[in-house]
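J.: My questions all concern the structure below.
We did not get these values from a lab; they are worked out from the coordinates using the rules stated. If you're wondering where the values come from, they're calculated on a predicted model, not measured in any experiment. Note: ideal-geometry Cβ built from the backbone for every residue, glycine included; neighbour counts use all protein chains shown.
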Amino acid sequence: MRLIADNVFQLEKSKGANGYVVRGEGRTAVVDPGMASGYHGVLAELRDARNRTGVVTDIVLTHYDVDHAQVAKRLQATLEVPVWMGTADAAILRGDVQPPTRFRRLLDRVAHSDYPENVTEITGTLEIFQGLLAFPTPGHTPGHIALRWQSVLLTGDSVSVTKDGDIKQFFARPVISDKAMARTTEKLLRERIRTDKIEWICAGHNPPTTVGQIFS
């Protein structure tokens, strides 16, 4: 497990997308633990790192996509902890609402994530535990959320991050559910990076990156 910033770690055994661990005061969240094929590796990594991260108390999903969320149900059952995710994405994962685009409906037929037990749905801005703030970043998916911990922003797939620390639209455009909303989210994230004095951006498919001079 790789230390990124104060009490923020990157999983090294997760499959599909970048997964992270955030340690708070008496609480520890694993964020986007990935695909089902990474279950054993992630579980072993979390157990091996307990002296650094503490015991996991929460699972947080930035969105419902398979590469971020598929292992969540099995991992939740093993760890016996709550799962947190955006309300609109929870409805899709639960099967109450269809994925929002034809391409996403096709993807859902190819690979699907099961809805976990004990899900707390997030609408609007919510502090999951002291210091770990979740807020809506829709566009990639309807219920996408991002997280802020101190000077670290965990963005999931709401944006991509360039090597020089800038943000832009997610590179795989066909999976963006609402392009106009995604552009609005990008603007809001830019403002948050400036106003919250963000130093690190931890995205779903780019290496954790320090914020570039464009935001100074």
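J.: Once R0 is set to 45 Å, what does the formula 1/(1 + (r/R0)^6) return for the Cβ-Cβ distance between Asp164 and Gln98, expressed as a FRET efficiency to the nearest 0.05?
T.: The calculated FRET efficiency here is 0.70.
J.: When each pair of different Cα atoms in segment 1-58 is counted once in the 1/r mean, what is the Kirkwood radius in angstroms, to one decimal?
T.: Evaluated over segment 1-58, this radius sits at 11.1 Å.
J.: Stretch Arg74-Ala111 to full length: gain in nm at 0.36 nm per residue minus the Cα-Cα span?
T.: Roughly 11.7 nm would be gained on extension.
J.: Would you work out which of Val119, Tyr20, Ile201 lies farthest towards the positive end of the dipole of the chain, given +1 charges on the beta-carbon of Lys and Arg and -1 on that of Asp and Glu, about the Cα centre?
T.: Ile201
J.: If you restrict to DSSP beta bridges whose two residues both lie in the chain, what percentage is antiparallel, to the nearest 5?
T.: So the antiparallel bridges amount to about 65 percent of the total.
J.: Please list the equivalent ellipsoid semi-axes of segment 108-216, computed as the square roots of five times the alpha-carbon gyration tensor eigenvalues, in descending order and whole angstrom.
T.: 23, 18, 12
J.: Can you give the charge dipole size of segment 2-215 about its Cα centre, rounded to the nearest 20 debye, using +1 on the beta carbon of Lys and Arg and -1 on the beta carbon of Asp and Glu?
T.: Computed about the Cα centre, the dipole is about 460 debye.
J.: Given the C-alpha centroids of segment 1-56 and segment 147-161, what is the distance between them in whole angstrom?
T.: Answer, in whole Å: 16.
J.: Please check: in the Gaussian network model of the chain (C-alpha springs, under 10 Å), which one of Gln150, Gln98, Gln169 has the largest mean-square fluctuation.
T.: Among Gln150, Gln98, Gln169, the largest GNM mean-square fluctuation belongs to Gln98.
J.: With viscosity set to 1.002 mPa s and temperature to 20 °C, compute the Stokes-Einstein D of segment 2-215, Rh being the Kirkwood radius across alpha carbon pairs; µm²/s, no decimals.
T.: Once the numbers are plugged in, D ends up at 127 µm²/s.
J.: Could you please report the charge total around Thr185, scoring K, R as +1 and D, E as -1 over all other residues with beta-carbon less than 13 angstrom from its beta-carbon?
T.: Once all neighbours under 13 Å are counted, the net charge is +2.
J.: Setting aside same-chain residues fewer than 8 positions from Lys163, which aspartates and glutamates have a Cα under 18 Å from its Cα?
T.: Glu186, Glu199
J.: If you average over every viewing direction, what projected area does the convex hull of the Cα atoms of segment 38-129 give, in nm²?
T.: Orientation-averaged projected area of the Cα hull: 6.5 nm².
J.: Something else: In whole Hz, with x marking every Gly and Pro, tabulate ³J(HN,Hα) for segment 163-176 from phi via Karplus 6.51 cos²θ - 1.76 cosθ + 1.60, θ = phi - 60°.
T.: Going residue by residue, I get 5, 8, x, 9, 10, 8, 4, 3, 5, 8, 4, x, 8, 6 Hz, with x marking Gly and Pro.
J.: Per-residue HN-Hα couplings for segment 51-68, Karplus 6.51 cos²θ - 1.76 cosθ + 1.60 at θ = phi - 60°, whole Hz, x for Gly and Pro?
T.: Listing the rounded values in order: 5, 9, 9, x, 6, 5, 10, 8, 10, 10, 10, 5, 6, 8, 4, 4, 5, 10 Hz.
J.: Additional query: Give me the number: length gained by fully extending Phe215 to Arg173, i.e. 0.36 nm times residue separation minus the C-alpha to C-alpha distance, one decimal in nm.
T.: Working it through step by step, the gained length comes to 12.7 nm.
J.: Sticking with this structure for a sec: Distance from the Cα centre of segment 198-214 to that of segment 108-125, in angstrom?
T.: Here the answer is 26 Å between Cα centres.
J.: Name the long-range amide H neighbours of Gly86: under 5 Å, sequence gap of 5 or more, or other chain; modelled H, no Pro or chain starts.
T.: Ile122, Ile145
J.: Let me ask something else. Taking the beta-carbon count within 10 Å as an exposure proxy, list Asp114, Asp166, Asp65, Asp96 from fewest neighbours to most.
T.: Asp96, Asp114, Asp166, Asp65
J.: Sticking with this one: Under 10 Å, Cα contacts only: if you run a Gaussian network model on the chain, which one of Arg50, Arg23, Arg183 comes out with the highest mean-square fluctuation?
T.: Answer for the Gaussian network model of the chain: Arg50.
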